[in-house]
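Data first, discussion second: the structure below is written as structure tokens.
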Amino acid sequence: MESFIIEGGHYLSGTITPQGAKNEALEVICASLLTQEEVTIDNIPDILDVNNLIKLLQETGVKVTRNSRNNYTFQADNLHLDYLQSDDFVKKCSSLRGSVLMIGPLLGRFGKATIAKPGGDKIGRRRLDTHFLGFKRLGAKFIRNEERNIYHIEAKQLKGCYMLIDEASVTGTANIIMAAVLAKGTTTIYNAACEPYIQQLCRLLNAMGANISGIASNLLTIEGVKELHGARHSVLPDMIEVGSFIGMAAMTGNGIRIKDVSVKNLGMIPEAFKKLGVKIDIEGDDLWIPHQPHYQIESFIDGTIMTLADAPWPGLTPDLLSVLLVVATQARGSVLFHQKMFESRLFFVDKLIDMGAQIILCDPHRAVVVGHDHKLRLHAGHMTSPDIRAGIALLIAALSANGTSRIANIAQIDRGYEDIEKRLNALGAKIKRVND
């Protein structure tokens, strides 16, 4: 196991470019399973979760060509269908959350798939009901194998239908879309997730020959086609990493430019930081975050305390609440964070409290932060990263703190952030990776 040793208190400055979006990459890589022709994808982030998914696809028989560090070609023309039912495959899927996105394309193209409970962040219950209900609506049948604790999903021919899905699940929507593009007839999905990454998936599928309309809305119409062909695609910048860098620049920056962020696809992210008083200048497709010795938390119009809450797109992504919470610890004023979607994501705040932050954890979903206004800096600590987003939040806290901190279990951070210590050290950070 590896750890980061962070010498806090150094101002960061310079230019940094976000990696490709992790969540989009997982979706579009799995979409390559829908055709036997080549699918070439650019701007794939070189991170643990994505690399593990690519390795899993290779083991299922997908031909993978790495054209450059972030550019790959996938060709699923000779899959090992027997392996997809094996204990080895099921075991590997259970440790990789992104593997759930293989179900839709496998079911759509081959009429069968096997699933175990997938792994991933320990941030509370992340149910798969939306996926299952969508597949059932398309005509799939589920067979529970209690001895192996898995489900076999089968369908001789998926058939399009109208469905109102129970929640705007991103992975659920992606899976249903990928199953439906080869179904017979018309599928209408209402209450579909409409994040930029879902939009990107739909655009790739249309480039492969699918017929999807309503892109960017929560009402998708999919006319089934007989087969898909190859295509080329480029992954968007990772808006979660962009938000992480905004938070880092607010806390420790002496002028940081975040380049090529795809401003139009950031949604509410810049506004959420502005509610904390963080100054952000938009210059073309770049963000400039100046040095800010103070930032004042806004109040609502009636003078009541500011509340930041997560919500499905175009609301604020839950993946950035951890970062926003850390930024609030050095703001002027108080703010209530309401994490609605996952019940364990706020539990990392006890580590911030140990570092001197003034936070009241009201319950598993709500926390009040009383900002220090830089009058009382956080102090260094030893901590463990519980998940990807809490990990980067703790790293930001350590960079702003007095003294030297240690963060263990940084494999969690590596799952979502490419070469993070190298890129931040280039801005003036002092981060060292060590083996425990």
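The values are calculated or read from the model by the stated rules, or taken from the named source; none is laboratory data. Note that the structure is predicted; figures quoted are calculated from it, not measured. Glycine also receives a Cβ, built like all others from the backbone with ideal geometry; neighbour counts cover every protein chain displayed. Note: areas computed on protein heavy atoms with side chains; ligands, DNA, RNA excluded. Shrake-Rupley method; radii C 1.70, N 1.55, O 1.52, S 1.80 Å.
Structure summary
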item: Among the residues listed as N67, N52, N43, the single one being without any contact (Cβ under 8 Å) to a residue 40 or more places away in the chain, of a type in the set (S, T, N, Q) and either over 20 Å from A179 (Cα atoms) or surrounded by 22 or more Cβ atoms within 10 Å (Cβ to Cβ) (or both); result: N67
item: Options N409, N402: the member that is surrounded by fewer than 20 Cβ atoms within 10 Å (Cβ to Cβ) and in contact with a Lys or Arg (Cβ under 7 Å, 6 or more places away or on another chain); result: N402
item: Index of the failed condition, A249 passing every other in (1) part of a helix (DSSP H, G or I); (2) out of contact with any strand residue (DSSP E or B) (no Cβ under 9 Å at 6 or more places or on another chain); result: (2)
item: Given (1) among the acidic types (D, E); (2) open to solvent by 30 Å² or more (accessible area, probe 1.4 Å); (3) within 22 Å of the chain's Cα centre (by Cα); (4) modelled with pLDDT under 85, number of the condition D121 does not satisfy; result: (2)
item: Qualifying residue in segment 41-51 (condition: over 29 Å from I431 (Cα atoms) and part of a helix (DSSP H, G or I)); result: no
item: Residue in segment 37-44 that is of a type in the set (S, T, N, Q) and not assigned by the TED database to the domain that holds Q412 present; result: yes
item: Set N211, N218, N191, N175: member being more than 25 Å from Y295 (Cα to Cα) and either among the hydrophobic types (A, V, I, L, M, F, W, C) or open to solvent by less than 10 Å² (accessible area, probe 1.4 Å) (or both); result: N175
item: Residue check, V278 of a type in the set (A, V, I, L, M), more than 25 Å from T17 (Cβ to Cβ), assigned to a loop (DSSP other than H, G, I, E, B) and open to solvent by less than 60 Å² (accessible area, probe 1.4 Å); result: no
item: Evaluation of M268 against (1) within 20 Å of T317 (Cα to Cα); (2) touching a helix residue (DSSP H, G or I) at 6+ places or on another chain (Cβ under 9 Å) (one fails), failing number; result: (2)
item: Among the candidates N218, N206, residue that is without any contact (Cβ under 8 Å) to a residue 12 or more places away in the chain, farther than 29 Å from V327 by Cβ and not acidic (D, E); result: N206
item: Breaking point among (1) surrounded by 19 or more Cβ atoms within 10 Å (Cβ to Cβ); (2) part of a loop (DSSP other than H, G, I, E, B); (3) touching a His at 6+ places or on another chain (Cβ under 6 Å), for G61; result: (1)
item: Selection status of L394, farther than 18 Å from I16 by Cβ and within 20 Å of the chain's Cα centre (by Cα); result: yes
item: Count of segment 237-269 residues which are open to solvent by 10 Å² or more (accessible area, probe 1.4 Å) and either small (G, A, S) or over 14 Å from Y417 (Cα atoms) (or both); result: 11
item: Among residues of segment 334-351, those that are more than 23 Å from the chain's Cα centre (by Cα) and either open to solvent by less than 30 Å² (accessible area, probe 1.4 Å) or not assigned by the TED database to the domain that holds S385 (or both), counted; result: 1
item: Odd one out for S234, checked against (1) more than 30 Å from Q36 (Cβ to Cβ); (2) surrounded by fewer than 24 Cβ atoms within 10 Å (Cβ to Cβ); (3) within 19 Å of the chain's Cα centre (by Cα); (4) of a type in the set (G, A, S); result: (1)
item: The lone exception for E241 - which of (1) acidic (D, E); (2) over 18 Å from the mean Cα position of the chain (by Cα); (3) in a helix (DSSP H, G or I) it fails; result: (2)
item: All strands (runs of 3 or more DSSP E) inside segment 326-426 with 2 or more residues being farther than 21 Å from I5 by Cβ; result: 334-338, 358-363, 366-370
